[in-house]
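Asks: Dumping the structure here so I can ask a few things about it.
The values are calculated or read from the model by the stated rules, or taken from the named source; none is laboratory data. As the structure is a prediction and not an experimental result, all values here were calculated from the model. So basically every Cβ, Gly included, is an ideal-geometry build from the backbone, and we count neighbours across all protein chains shown.
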Amino acid sequence: MDIRNFCIIAHIDHGKSTLADRLLEITNTVDKRQMKSQYLDQLELERERGITIKMAPVRMKYFFRGQEYCLNLIDTPGHPDFGYEVSRALAAVEGAILLVDATQGIQAQTLSNFYAAQKAGLKIIGAVNKIDLGSFDVEKAVKETASLLGVDESEISRISAKTGAGVKELLERLIEEVPPPQIQNHQQISRALIFDSFYDNHKGIVATVRVFEGSFKANQEVFLIAAKEKFKIKEVGYFTPHLSATDSLSEGEIGYLVTGIRDPHQVKIGDTVISLKAKLQTNKIGVSANQHFDSHQAALWALPGYREPKPVVFVSFYPDNPDEYENLKKSLERLKLNDSSFTFEPDANEVLGRGFKGGFLGKLHFEIVLQRLEREFGVKTVTSFPSVAYKVKLPPASLKKDNLSRLEKDEEGFLIIRNPKDLPDNFLEIWEPMIRVEIIAPHHLLGSLLQLKEAFRWQEVNTKLIGEKVIIETKMPLAELISDFDDRLKSVSGGFASFSYQEEGYQKSDLAKLEILVAGEVVPGLSRILPKETLEKEARKMVLRLKEILPRQQFSQALQAKAQGRIIARETIPALKKDVTGYLYGGDRTRKMKLWKKQKEGKKKLLSLARVRISPQDFKKILSK
């Protein structure tokens, strides 16, 4: 049986999941009575938002010209935050359908995904979707797509994933043009790439794999190269899209391995599974002929492309109910199994108690994780302001302080600051992470988009025209992206602009820490690192917000914003007033004066002893926009 492995890549909402639905129908993989929209999007959150969050593999069978073909499809996400998901899918296939919406044409993630698929050496087939919406210029989108792929316009498929028009022809074209997997016929070793995983209460961790060499079957002893862990396979099978057990998974196939492992840290997405009992006849450096290999030798057989996902946005989050801490911890461990790009470690807050500091690939990734915690595990959380990882250079004497010794250092000796409260006041230099952003929009919006330059600290701005669209390439701080960049971009472009981004290293910047004091005490959860030119504006906004939210006490409360060793903004919440002379009737005014003086002295004494405690509910209001 011939195999074709392929994925669908596209910008957000260009019809990937709908096309996958039609392919499932045409191949009779899913019974029509069971068919539903976005069938492969199993998460409730995916259906609600109308976006793909997790990649989804499925095996389909199709007869073409008297021969049966095994088609392994991987549906992929479209948002830039989930680029790691797409990269793993591209490493597991030989072909890709590049889908373009006829109503929108080439968008930012269309370009990003195309370049990634091209770099992976895949056969890319272009297709323009939504041709059923005849009021739009389909041929314009066809021309753009053909230009991008460097092919003739006749080679771009015209389809409607909604009605099914042209989908069968696209499927048969894919069978003809996407190359089958290269069969190594290696009898001495079996290797597979883990490109996804999930947790099953009965089976433990289930790893989704692409077999590149040899075969795998139940009760076979295997080794995880990156994790350096051994385990015995409990079950093998493939996705229909539900789990379907089989005798073995062979070279070129996509399926799953039931590991039986319960520890989430042992199975890593991107890792290589390799058979243990094979004797190797090879010239690879460090591995002798006819010798069983150990973990060090096995590393030489790792499949290319494995890398640890690198979180770029950091947010501390705490259970809404402190008693839910252990439940939150277990939920995070389960969630991490099929989202390896998410990281977390214990954290604590003076107001909210014990929690975790999470690392995410972007702002949307952070929002999705928190919503999944609530939907799938019933855990509600309170979060801090999103931050990024800064690099700080300190005077040599400062490095010896106990409170700094716990912080991570890079290879150049810079301190890594992920929580703004950890930033020392006496740093010599501060470096912030930068990104390279690519914005694509209709060319008449260029002037409106360039208005964002100052607000988001754009650098090295370049523009170029592609047909009737303009591409703006610029460099900007990552911290600006996770503020309100997406909202502002949509606002000034009327929703017609899209963007993609990639990391661009670090850059020395003019930044400072903004601290908020309530009644003379710093509130660590409200600390932020900001450009010096915006400090006073943000400080003013923060103290005014605190004044609106915090309740009045028996004493006046000073709300202060501090930066660079001085107070730059202040507001005061006045004390509650009580008429201590209300019971007096007539008489000398001096009696009232004595009572007022006594009240004033009492409030002064109370203020000296008072310590303001911000409730979790108020803290949540302060942090929400």
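Asks: Of the residues in segment 224-268, how many are at pLDDT 80 or above and in contact with a helix residue (DSSP H, G or I) (Cβ under 6 Å, 6 or more places away or on another chain)?
Replies: The qualifying residues number 2.
Asks: A further question follows. Residues 545, 540: which one is basic (Lys, Arg), part of a helix (DSSP H, G or I) and touching a residue at least 40 places away in the same chain (Cβ under 8 Å)?
Replies: Going through 545, 540 in turn, the sole match is 545.
Asks: What strands (runs of 3 or more DSSP E), lying completely within segment 391-507, carry at least 3 residues that are touching a residue at least 24 places away in the same chain (Cβ under 8 Å)?
Replies: Here the list reads 415-417, 429-442, 469-477.
Asks: Here are some conditions: (1) of a type in the set (A, V, I, L, M); (2) in a helix (DSSP H, G or I); (3) touching a helix residue (DSSP H, G or I) at 6+ places or on another chain (Cβ under 6 Å). Residue 131 meets all but one. Which one does it not meet?
Replies: Of (1) of a type in the set (A, V, I, L, M); (2) in a helix (DSSP H, G or I); (3) touching a helix residue (DSSP H, G or I) at 6+ places or on another chain (Cβ under 6 Å), only one is false for residue 131: (2).
Asks: Of everything in segment 188-231, what is touching a residue at least 60 places away in the same chain (Cβ under 8 Å) and in a loop (DSSP other than H, G, I, E, B)? Give them in sequence order.
Replies: 188, 189, 190, 214, 225, 226, 228
Asks: Now for a separate question. Are there any pairs with C-beta distances below 7 angstrom linking a residue in segment 174-187 that is under 22 Å from residue 61 (Cβ atoms) to a residue that is hydrophobic (A, V, I, L, M, F, W, C) and at pLDDT 70 or above, with the two at least 6 apart or on different chains, and if so which?
Replies: Close Cβ pairs (under 7 Å, with a partner that is hydrophobic (A, V, I, L, M, F, W, C) and at pLDDT 70 or above) amount to 174/6; 174/97; 174/125; 175/64; 177/125; 178/6; 180/3; 181/3.
Asks: Would you please name the residue that is surrounded by the fewest Cβ atoms within 10 Å (Cβ to Cβ), looking only at residues in segment 548-563 that are within 35 Å of the chain's Cα centre (by Cα) and in contact (Cβ under 8 Å) with a residue 60 or more places away in the chain?
Replies: 549
Asks: Continuing with this model, one more query. Select, from 117, 96, the only residue that is in contact with a Cys (Cβ under 6 Å, 6 or more places away or on another chain) and either within 24 Å of residue 437 (Cβ to Cβ) or not in a helix (DSSP H, G or I) (or both).
Replies: Testing whether each residue is in contact with a Cys (Cβ under 6 Å, 6 or more places away or on another chain) and either within 24 Å of residue 437 (Cβ to Cβ) or not in a helix (DSSP H, G or I) (or both) leaves just 96.
Asks: If you don't mind, another one. Just wondering, is there one or more residues in segment 525-545 that are modelled with pLDDT under 85, touching a strand residue (DSSP E or B) at 6+ places or on another chain (Cβ under 8 Å) and within 22 Å of residue 422 (Cα to Cα)?
Replies: Yes: one or more hits.
Asks: Would you mention how many residues in segment 156-171 are loosely packed, with under 15 Cβ neighbours inside 10 Å and either out of contact with any Asp or Glu (no Cβ under 9 Å at 6 or more places or on another chain) or assigned to a helix (DSSP H, G or I) (or both)?
Replies: Going through segment 156-171 one residue at a time, the tally reaches 1.
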